[in-house]
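Notes follow the structure.
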There are 2 protein chains.
Amino acid sequence: MKKTVRSEIDGIPERLRSFGVRPLTHRVDVYRYLIEQNNHPTADMIHNDLVKILPSLSKTTVYNVLNHLCEKGAVHRVNVEQHEARYDAMIHDHVHFKCRLCGKVYDLDEIPFPTIDPPTDYSIEIVQVIIGGICPDCQTG
Amino acid sequence: MKKTVRSEIDGIPERLRSFGVRPLTHRVDVYRYLIEQNNHPTADMIHNDLVKILPSLSKTTVYNVLNHLCEKGAVHRVNVEQHEARYDAMIHDHVHFKCRLCGKVYDLDEIPFPTIDPPTDYSIEIVQVIIGGICPDCQTG
DNA sequence: AATTAACTTTGAAATCACTACAAAAAAAAG
DNA sequence: CTTTTTTTTGTAGTGATTTCAAAGTTAATT
Ligand SMILES: [Mn+2]
Ligand SMILES: [Mn+2]
Ligand SMILES: [Zn+2]
Ligand SMILES: [Zn+2]
């Protein structure tokens with residue numbers, strides 16, 4: 001019985017290839033992490049978690065990989081807060097909610113994404129909708 | 001004839017007081033700058049411009065003032081791009097448009113601000129809508 | 001008005017996220 | 001296998017923002 005590696009069963013390399021990204025191991029690792037956690041992590045959070053299983057992974061590589069995935073459109077950068085970029089492998093339009101107390105960033109997939117029609121002489125490339133407030137877990141009473 | 005200083009005629013101190021901000025001179029200067037320019041400037045741009053007329057103004061003070069104005073709600077911080085916070089004294093709901101080519105941030109006051117209804121267990125404090133794309137001035141052809 | 005307390009300003013140093021760079025390693029091409 | 005191209009890594013650098021403590025202002029109290 002042939003040994004099966006994880007990337008053969010989860011289809012991550014193929015998803016990356018569909019974005020024109022060569023599925024190198026660290027790219028697969030970071031992309032799988034983003035998909036599995038769906039956490040909107042910072043580069044630092046990704047590195048902290050992955051370095052536990054990949055001790056040689058450098059932070060520079062995490063930045064390189066994230067920049068490459070963003071350029072190719074496989075991942076979106078979410079500017080939810082000044083001085084810390086967050087990353088999201090869910091690239092369909094959806095509203096984000098950032099809790100002021102616990103800091104978590106939620107996907108509000110359950111509500112519709114608004115239609116924005118700017119004047120015709122502006123050309124849209126991307127629309128970000130970010131709500132700030134207090135999440136269900138942090139409500140008092 | 002009594003000499004009239006600018007702050008007596010433009011009502012800036014009163015506007016600041018209405019937000020619970022004591023109208024110290026630098027606060028008035030920064031706030032008036034934001035209102036007059038309506039430019040969504042960075043802290044650095046504000047300092048660069050104001051230091052020409054107020055040579056002793058330190059960058060730290062600009063940061064202090066901006067943080068205070070944001071805390072008191074007199075000014076909004078717009079996270080339009082990673083590692084550069086921009087500031088806005090127009091605090092009514094409006095859509096922002098950032099041009100990828102010239103970097104300018106426009107107010108799209110002419111289009112309606114979308115209604116966002118998150119699940120009731122989330123409490124909203126602020127909604128930001130940021131469009132990325134190319135502005136009229138930067139369109140080719 | 002003088003004294004005291006509270007707040008603000010300042011510049012230097014520190015922090016923190018991110019980038020630049022160049023050498024080493026790995027992958028692809030021939 | 002050899003050469004070329006791409007990727008990874010650690011170190012050093014950058015730039016925006018914060019921290020800190022001293023000096024300066026403003027407000028409150030005698
Ligand atoms: Mn998301
Ligand atoms: Mn605005
Ligand atoms: Zn929360
Ligand atoms: Zn433009």
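Observations
- Filter on A:Lys59/A:Lys104; B:Lys52/B:Lys104; A:Lys52/A:Lys72 - keep pairs with C-alpha separation over 24 Å: A:Lys52/A:Lys72
- Binning all Cα-Cα separations of the protein assembly as shown at 10 Å, short to long from zero, yields these whole-percent fractions: 6, 23, 29, 24, 12, 4, 1, 0, 0, 0.
- Label-point distances for A:Asp109 to the equivalent site in the other copies, using a point 7 angstrom along Cα→C-beta, read 4.0 nm when ranked shortest first.
- Antiparallel beta bridges, as assigned by DSSP with both residues in the protein assembly as shown, represent about 80 percent of the total such bridges.
- Charged-residue dipole, Cβ positions (Lys, Arg, Asp, Glu), the range B:1-119 about Cα centre, Debye nearest 20: 580
- Karplus-derived 3J(HN,Hα) values for the range B:57-71, using 6.51 cos²θ - 1.76 cosθ + 1.60 with θ = phi - 60°, are 5, 8, 5, 4, 5, 4, 4, 4, 4, 4, 4, 5, 4, 5, 4 Hz; glycine and proline are entered as x.
- Listed from fewest to most Cβ neighbours within 10 Å, the set A:Thr25, A:Thr42, B:Thr140 follows the order B:Thr140, A:Thr25, A:Thr42.
- Theoretical FRET efficiency, 1/(1+(r/R0)^6), r = Cβ-Cβ of A:Asp137 and B:Ser58, R0 41 Å, to 0.05: 0.50
- Summing Cβ point charges (Lys, Arg +1; Asp, Glu -1) relative to the Cα centre of the protein assembly as shown gives a dipole of roughly 1080 debye.
- Label spacing, shortest first and in nm, from A:Leu54 to its equivalents in the remaining copies (7 angstrom along Cα→Cβ): 4.9
- In the range B:75-138, the GluC sites (Glu not before Pro) that fall in loop regions by DSSP, at most 12 other Cβ within 10 Å: B:Glu110
- Computed about its Cα centre, the charge dipole of the range B:95-140 is approximately 340 debye, with only Lys, Arg, Asp and Glu carrying charge at their Cβ.
- Residue order, fewest to most surrounding Cβ atoms within 10 angstrom, among A:Ile124, A:Ile53: A:Ile53, A:Ile124
- Among A:Asp29, A:Asp88, A:Asp121, residue whose mean-square fluctuation peaks in a GNM of chain A (springs only between Cα atoms under 10 Å): A:Asp121
- Distances, shortest first, from the label point of B:Asp137 to those at the same position in the other copies read 4.4 nm; the point lies 7 Å along Cα to C-beta.
- Closest approach to the axis carrying A onto B, counted by Cβ on chain A and given in whole Å with its residue, is A:Pro114, 2.
- 9 Å beta-carbon shell around B:Val65, net charge (K/R +1, D/E -1): 0
Read-outs: derived from the displayed coordinates by stated rules, not from any lab. These numbers come from a predicted model, not from an experiment. Virtual Cβ from ideal backbone geometry, glycine too; neighbours counted across all protein chains shown.
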